[in-house]
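FYI, it's all coordinate maths here, none of it is from the lab. Everything numeric in this text was worked out from a predicted model, so none of it was measured. No Cβ is skipped: glycine too gets one built from the backbone with ideal geometry, and neighbour counts run over all protein chains shown.
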Amino acid sequence: MQNNIDIKPGYVYHIKDSYFNLAKDDMLMKNHESSAYRPTYLCIQDERTSLYWAIPMSRRLDKFRDIVEKDTKKYGRCVKILIARYGDNESAFLMQNMFPITSKYIDHIHTICGNPVPVVPKVKEEVTQTFKECLRLHRQGVKVIFTDIARLEKQMLNELQTR
């Protein structure tokens with residue numbers, strides 16, 4: 001039983017443990033920390049492949065602001081982390097930890113007080129542009145993404161073909 005769910009653009013989701021068990025990539029963020037559904041992921045669909053890309057979000061802003069600041073000083077900008085508003089707070093969108101996925105591995109939509117909370121359109125557009133830039137850099141051989149996305153993308157595409 002696949003239990004694929006309908007992925008709504010601009011919303012945040014939680015990923016099933018079965019994805020992490022299948023992926024076997026030590027560079028993926030840990031799932032379900034402290035018995036809670038963490039981290040949350042903004043899912044963006046790649047029009048080229050139909051796969052979704054799960055972009056982890058974090059509220060550990062001090063840690064990620066430091067990285068953004070260092071990269072900006074060194075390179076003039078930071079493409080691997082974007083700090084932007086989600087709900088009533090800021091979150092770090094961690095492109096450096098993104099990975100490809102199919103809807104089969106999406107557990108459920110993230111809610112606050114029982115209601116799904118979308119990423120505001122301006123932030124969604126900024127994350128989408130940064131995501132595309134990271135993929136472009138990756139395909140040019142620039143290491144900005146920690147996970148083995150080439151292997152994981154191939155694995156997810158193979159799953160799509162065998163459905």
(request) Run the quick spin-label model on LYS73 and ASN115: label points 7 Å from Cα toward the beta carbon, then report their separation in nm to one decimal. (result) 4.2 nm
(request) Could you point to the residue in LEU22, THR49, GLY141 farthest towards the positive end of the stretch 12-161's charge dipole, with +1 and -1 charges on the Cβ of Lys/Arg and Asp/Glu respectively? (result) GLY141
(message) Run the simple label-point estimate for MET27 and LEU137 please: 7 Å along Cα→C-beta, distance reported in nm.
(response) 1.3 nm
(request) Write down the radius of gyration of the stretch 44-104 and its Dmax, each obtained from C-alpha positions, in Å. (result) 13.2, 40
(request) Could you list, in their original order, any pairs among LYS16/LYS63; LYS63/LYS143; LYS104/LYS143; LYS16/LYS132; LYS8/LYS70; LYS16/LYS154 whose Cα atoms are separated by more than 23 Å? (result) LYS16/LYS63; LYS104/LYS143; LYS16/LYS132; LYS8/LYS70
(request) Mind checking the full-extension length gain between GLN161 and THR49? Use 0.36 nm per residue of separation minus the Cα-Cα distance, one decimal, nm. (result) 39.2 nm
(message) Sequence gap at least 6, Cα distance under 8 Å: using those rules, report the relative contact order of the chain to the nearest whole percent.
(response) 28 percent
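What net charge is computed for the residues neighbouring VAL120, neighbours being all others with C-beta under 13 Å from the C-beta of VAL120, Lys and Arg scored +1, Asp and Glu -1? Show your work: numbers first, answer last.
On the way: positive: ARG85, LYS122, LYS124; negative: ASP88, GLU90, GLU125, GLU126.
Around VAL120, the surrounding residues sum to -1.
Multiply the residue gap between GLN129 and ILE5 by 0.36 nm, knock off their C-alpha separation, and tell me the result in nm, one decimal place. Mind dumping the intermediate values first?
On the way: separation 124, 0.36 × 124 = 44.64 nm, distance 2.49 nm.
Gain on extension, GLN129 to ILE5, equals 42.1 nm.
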(message) Classify the chain from the C-alpha gyration tensor, please: rounded if a/c falls under 1.5, else prolate or oblate depending on whether a/b exceeds b/c.
(response) oblate
